[in-house]
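Below: one structure, written as structure tokens.
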Number of protein chains: 2
Amino acid sequence: MGFEVSIGPRIRKSPFFDATVAAGVVSFSAYNHMYFPVSYGDPMGEYWRLVNDVAMWDVSVQRQVQLRGPDAHALAQAVCARDLTEQQIGQGKYTPMVDHSGAIINDPLTLRVAKETWWISIADLDVLQWCRAIAGERLLEVEVSEPDVSPLAVQGPKAEDTVAALLGDLIRDLRFFRYTDAEVDGIPLKVGRAGWSKQGGFELYLLDGSRGTDLWNLVAEAGAPFGIGPGAPNPIERVESGLYSFYGDNYDGSDPFEVGLGRFVDLDADIDFIGKAALLARRARGLRHELVGIVFEGPPVSSNEDCWAVTRDGDRAGTVTVACYSPRVDGGANIALALMDVPHNDPGTAVVVETAAGPAAGVTATLPFL
Amino acid sequence: MGFEVSIGPRIRKSPFFDATVAAGVVSFSAYNHMYFPVSYGDPMGEYWRLVNDVAMWDVSVQRQVQLRGPDAHALAQAVCARDLTEQQIGQGKYTPMVDHSGAIINDPLTLRVAKETWWISIADLDVLQWCRAIAGERLLEVEVSEPDVSPLAVQGPKAEDTVAALLGDLIRDLRFFRYTDAEVDGIPLKVGRAGWSKQGGFELYLLDGSRGTDLWNLVAEAGAPFGIGPGAPNPIERVESGLYSFYGDNYDGSDPFEVGLGRFVDLDADIDFIGKAALLARRARGLRHELVGIVFEGPPVSSNEDCWAVTRDGDRAGTVTVACYSPRVDGGANIALALMDVPHNDPGTAVVVETAAGPAAGVTATLPFL
């Protein structure tokens, strides 16, 4: 359609904002009260760069919620539905968060930064206030704040070569979801092997918001021999990889089991957290809907502006949350993530996707596609 | 600068989205996980229409958080820093919300819809989850949900004529911040005399999200004789009127006194609410900064992309959160809202505004300007 995004101070600019403008960003979304660069105008180029080489993208919108103080661990464990007992300093875990009813409210990577300091790297919801509410109600001795931390993602098969060129070969030894301190040109960083793609790579947490352009340019320079270019969390690769996007890929009330995150919930560990009793009850009851894949026919779809209904014999059976054309699935096919109502969630179910261009025959599939 | 806004299902469209597109919207912001139409491309026309005649705008982004059940009143009183004891059904109150430290987290209009049902009409923060956190921690018997309610604002000196033409002359008797049920062409509404301008007017709460275009067109038709046209919360009129915008016009940690909302906080009533003890301590300590006005020199500014520093003798003294050119203040002047550090908050203080175009001499002023 083509509307402008209004740029003003009520939504915050990333430290990389100017660099993304210089790199040719064409469209923004908003996320956690920040502008979020989502396209540089070449969807397939950005996709292949991520899949074959290396892409860099601004995910400052993954704000960190810092818990610091004697009760930081207690608060982190209260708000995360995963066992953090043995978590080491420098270790991150993918931690679904649920409310008291068991409904998912976020799916951050939660990092133990120091003995009494945790960072929760959040999806688009005000987890800062959620954590303050719990700390306040429980009289916990913990400071909950948003530190000056802005992630820059480097993703793709040549991400390791890029980051090694920037920070040295020692970074190659970093294990998955491990973070270490680093510095380049006087810019303080925390670097982890992580990122929202299945192509491998790193997140560089910029720890000085005044140095965003400097860091962007250094990464671009280090990655130039490997074909680096700007990108964003990739809408095609993430659907192929079955990567869940909080808020977009769930209903208000969906639980982690229903969006495919059951394996990250520790209901049988000797810990307590918000929503544990509710999740035990939900596990016993079973799913109401499930996030699954769909492969569907018709001309290639570039994206979906709205959610689409999924039907069986004319009756509502689910909701497509995101759709795209994958050049790699089945040698080229339309694919989608969909919240399918039980019992329409079984793989291989014939369905109709009510796309913006009309109905299209499809079949459900297990995730990931690739 | 001119970037596109990415339209996709992760951010929700308003029920009025199609109508605003048909009306010629040119730019969107995002607010409470929804697209928020903010300009139709004629800033001064939209301003004068509001000031002289009547404007209509989509504020579905003011989502309602519904509290329903035996403990609904208890939860509403816990989260609002204002005495709700005597609040009648159909009555709204402007209610700052603070966290346990006394920091402002929202400034909704809170409406008693029924004996055990309240609607909190929120600014841009996840109050739904905040209320669920408190209800969950306190084991309150209350359902916290987001109902199908989407406000459409009709504002300006001819708003009453417009709404009377739509709904009948009885609506003229509605008092300020009072809401009543109504229906037009089978569309269920709740109508209140309220709105985010000082020009007078109404908010029509659409209670059936499938009828957005119908309601929009009926309002446009009813207002045509009075010169109605599309608009948005107006950036000039709201600065002239000193209307605070949550999130944009405060720091993380600002309290209601510091943003000019002290008179809406009931610290001396025989009630308890979250943050009361902290606010008593803050009242005793005094302000750290204060939201005030500034009139400043230089060529007319249309808006500010970023916050601007305010200095005195070269030292930081505050922050401009929003700036514009007012054709009515002092016969035409640049004006701004600014968070001025104490003691630089006194009216009449000579300051320098570090605008994007360079430094400009200014002087602080009491709010509102008009």
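The values are calculated or read from the model by the stated rules, or taken from the named source; none is laboratory data. Nothing here was measured: the structure is a model prediction, and the numbers come from that model. Here the Cβ positions follow ideal geometry from the backbone for every residue, glycine too, while neighbour counts run over all protein chains shown. Just the protein is used for accessible areas: all its heavy atoms, side chains included, with ligands, DNA and RNA removed. Shrake-Rupley method; radii C 1.70, N 1.55, O 1.52, S 1.80 Å.
Results, tabulated for the structure shown:
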{"quantity": "Matching residues, the range B:116-135, being within 7 Å of another protein chain (Cβ to nearest Cβ), closer than 20 Å to B:P70 by Cα and touching a residue at least 40 places away in the same chain (Cβ under 8 Å)", "calculated": "B:W130, B:I134"}
{"quantity": "Selection count, the range A:103-130, where residues are closer than 14 Å to A:L84 by Cβ and either open to solvent by less than 10 Å² (accessible area, probe 1.4 Å) or touching a Gly at 6+ places or on another chain (Cβ under 9 Å) (or both)", "calculated": "11"}
{"quantity": "Looking only at the range B:156-201, and only at residues there that are without any contact (Cβ under 8 Å) to a residue 40 or more places away in the chain and at positive phi, the one that is most open to solvent (accessible area, probe 1.4 Å)", "calculated": "B:D185"}
{"quantity": "For A:R138: the one exception among (1) within 14 Å of another protein chain (Cβ to nearest Cβ); (2) surrounded by 22 or more Cβ atoms within 10 Å (Cβ to Cβ)", "calculated": "(2)"}
{"quantity": "Every residue from the range B:6-16 that is surrounded by 22 or more Cβ atoms within 10 Å (Cβ to Cβ) and hydrophobic (A, V, I, L, M, F, W, C)", "calculated": "B:I11, B:F16"}
{"quantity": "Residues of the range B:318-370 satisfying the condition of being closer than 18 Å to B:K198 by Cα and out of contact with any strand residue (DSSP E or B) (no Cβ under 7 Å at 6 or more places or on another chain)", "calculated": "B:P327, B:R328, B:P368, B:L370"}
{"quantity": "Members of the range A:260-287 that are open to solvent by less than 60 Å² (accessible area, probe 1.4 Å) and within 14 Å of another protein chain (Cβ to nearest Cβ)", "calculated": "A:F273, A:I274, A:G275, A:K276, A:A278, A:L279"}
{"quantity": "Residues that are part of a loop (DSSP other than H, G, I, E, B), touching a strand residue (DSSP E or B) at 6+ places or on another chain (Cβ under 7 Å) and either over 23 Å from B:I122 (Cα atoms) or open to solvent by 30 Å² or more (accessible area, probe 1.4 Å) (or both), drawn from the range B:209-256", "calculated": "B:I228, B:Y251"}
{"quantity": "Residue ranges of helices (runs of 4 or more DSSP H) in the range A:1-96 with at least 2 members more than 14 Å from every other protein chain (Cβ to nearest Cβ) and on the phi < 0 side of the Ramachandran plot", "calculated": "A:43-52, A:72-79"}
{"quantity": "Residue in the range B:318-331 that is touching a helix residue (DSSP H, G or I) at 6+ places or on another chain (Cβ under 7 Å) and either under 22 Å from B:D255 (Cα atoms) or open to solvent by 60 Å² or more (accessible area, probe 1.4 Å) (or both) present", "calculated": "yes"}
{"quantity": "Single residue of A:Y47, A:Y35 found to be farther than 19 Å from A:L243 by Cα and of a type in the set (F, W, Y)", "calculated": "A:Y35"}
{"quantity": "Number of positions in the range B:347-358 that are free of Cβ contacts under 8 Å to residues at least 40 places away in the same chain, closer than 15 Å to B:D315 by Cα and open to solvent by 50 Å² or more (accessible area, probe 1.4 Å)", "calculated": "1"}
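Results for (1) open to solvent by less than 20 Å² (accessible area, probe 1.4 Å); (2) of a type in the set (K, R); (3) closer than 20 Å to A:E4 by Cβ, shown as yes or no for each residue.
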| site | (1), (2), (3) |
| --- | --- |
| A:D18 | no, no, yes |
| A:M34 | yes, no, yes |
| A:P37 | yes, no, yes |
| A:A55 | yes, no, no |
